[in-house]
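First comes the structure, then the notes that go with it.
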Amino acid sequence: MKTIAVSGASGFVGTNIKKFFSKENFEVIFIKRENLSNEDALISIMEKADVVINLAGANIINRWTESYKKLLYSSRIDTTKAIVNAMSKAQNKPELLISTSAVGIYSNKDCYDEEHYEYSDDFLAYICKEWEKEALKAKELDIRTAIFRFGIILGNGGALEKMLLPFKMGVGGTIGDGNQHFSFIHIDDLLNAYKFLIENIDLNGVFNLTSPMPTTNKGLTKALGTALNRPTFFPVPEFVLNLVFSEGAKVLTDGQCVEPKRLLDSGFSFKHTTIDETINSIVNNK
């Protein structure tokens, strides 16, 4: 039985990973917050783990005050540093580190994959670059290292839970003009991608974790309205989001168009490709 150690295990993805891999006959152990500041405890976890999944990070959808921006940075970069440092000191090292990043690393000018891209130059992209740089240091320890750049993860809970309420009340609508890109992934495909990567030992490096058919905010809005049978003509003005989230509103108003070329080229098969089918399967399977 393989052992998986997970940081950020209490979040939406972490709780789903625990459930999924426990059923797949893995032992799942959590890297708790207090372990991260206790080097001996962290080394001990690294010595037990075959696979480390690093998900830790404060919620990106929030008001970005200066102090919250520091938390966004430290909860990702300092956590990753601590994990890689513990790996370097462990006698028995894990076979694989799968760390996290986000499609927010890309500019929003075009559609990109892992080989043809332009990075953005804003704060979110800066965090992603630093986060990835720290994780990739595990390669120097002869540990197979992969990074999953998450799109918006859709499932029962997480981001979708927050989106559903206004639609259920009949006051849902686009954000701004609705033309911003929206790259997403169904939680089931995300979990299967982790399993696929663990099983295919020749795979490493950066992978976009998004559906092969990105949409727009307008496409998402239409899919939600149809699945819930509710009107969708109440757009949310961008200035309202700027008032609520300040700079953090960019996560909602500035989408990226991203394709998962490396997963597809490696033979991974997505169960949920379109936004309509993804939303339908979640809303009607509650």
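If the rule is a partner Cβ under 4.7 Å, which cysteines in the chain fail it?
Here C128 come out as lacking a disulfide-compatible partner, given the Cβ-Cβ threshold of under 4.7 Å.
With all protein chains present, calculate the accessible area of H181 using a 1.4 Å probe and round the result to the nearest 10 Å².
60
When volume of the Cα convex hull per residue in Å³ is calculated directly from the model, which label among [x] 244; [y] 138; [z] 121 fits?
From the options [x] 244; [y] 138; [z] 121, the structure gives [z].
Under a Cβ-Cβ cut-off of 11 Å, what is the net charge of the residues other than E114 that fall near it, where Lys and Arg count +1 and Asp and Glu count -1?
On the way: positive: R149, K261, R262; negative: D113, E115, E259, D265.
Taking every other residue near E114 into account, the sum is -1.
Taking 2.2 N^0.38 Å as the expected size of a compact globular protein, what ratio does the Cα radius of gyration of region 1-144 give against it, to two decimals?
This ratio for region 1-144 stands at 1.08.
Calculate what fraction, in whole %, of the accessible area of region 1-115 sits on carbon and sulfur atoms when a 1.4 Å probe is rolled over the protein chains.
46
What relative contact order, as a whole-number percentage, does the chain give when Cα pairs under 8 Å and 6 or more residues apart are counted?
Working: 529 pairs, mean separation 55.8, N = 286.
19 percent.
Identify which of Q91, Q256, Q180 has the largest mean-square fluctuation in a Gaussian network model of the chain, with springs joining Cα atoms closer than 10 Å.
With Cα springs under 10 Å in the chain, the top fluctuation among Q91, Q256, Q180 is at Q91.
Run the 1.4 Å probe and let me know the accessible area of E118, rounded to the nearest 10 Å².
Number for this one is 80 Å².
Given contacts defined as C-alpha pairs under 8 Å and at least six residues apart, what's the relative contact order of region 18-167, whole-number percent? Before the final figure, lay out each step's value.
Working: 175 pairs, mean separation 34.5, N = 150.
So the answer I get is 23 percent.
Do you know the relative contact order of region 96-167, to the nearest whole percent, from alpha carbon pairs under 8 angstrom that are 6+ apart?
That works out to 41 percent.
Most mobile of F148, F234, F21 per a Gaussian network model of the chain (Cα springs, under 10 Å)?
F234
Pairs to check: K195/K271; K32/K93; K129/K222; K32/K89. Give those whose C-alpha atoms are more than 26 Å from each other in this structure.
On the way: K195/K271 14 Å; K32/K93 19 Å; K129/K222 33 Å; K32/K89 19 Å.
Beyond 26 Å: K129/K222.
Looking at the chain, what % of its DSSP beta bridges pair antiparallel, to the nearest 5? Before the final figure, lay out the partial values.
Details: 5 of 36 bridges.
For the chain, the DSSP antiparallel bridge percentage is about 15.
Roll a 1.4 Å probe over the protein heavy atoms and report the accessible area of R262 in Å², nearest 10.
60
Would you calculate, for the chain, the mean residue ellipticity at 222 nm contributed by helices, counting each DSSP H stretch of 4 or more residues as -39,500 (n - 2.57) and dividing by all residues, to the nearest 500?
Dividing the helical sum by the residues of the chain leaves -13000 deg cm²/dmol.
Please report the net charge: other residues with Cβ closer than 12 Å to the Cβ of A223, K and R +1, D and E -1.
Here the count lands on +1.
Taking the chain as a Gaussian network, Cα atoms linked when under 10 Å apart, which of T100, T65, T216 shows the biggest mean-square fluctuation?
T65
The values are calculated or read from the model by the stated rules, or taken from the named source; none is laboratory data. The structure displayed is predicted, hence computed values, not measured ones. Note that we place each Cβ from the backbone using ideal geometry, even for glycine, and neighbour counts take in every protein chain shown. What goes into the accessible areas is simple: the full protein's heavy atoms, side chains included, and nothing from ligands, DNA or RNA. Shrake-Rupley method; radii C 1.70, N 1.55, O 1.52, S 1.80 Å.
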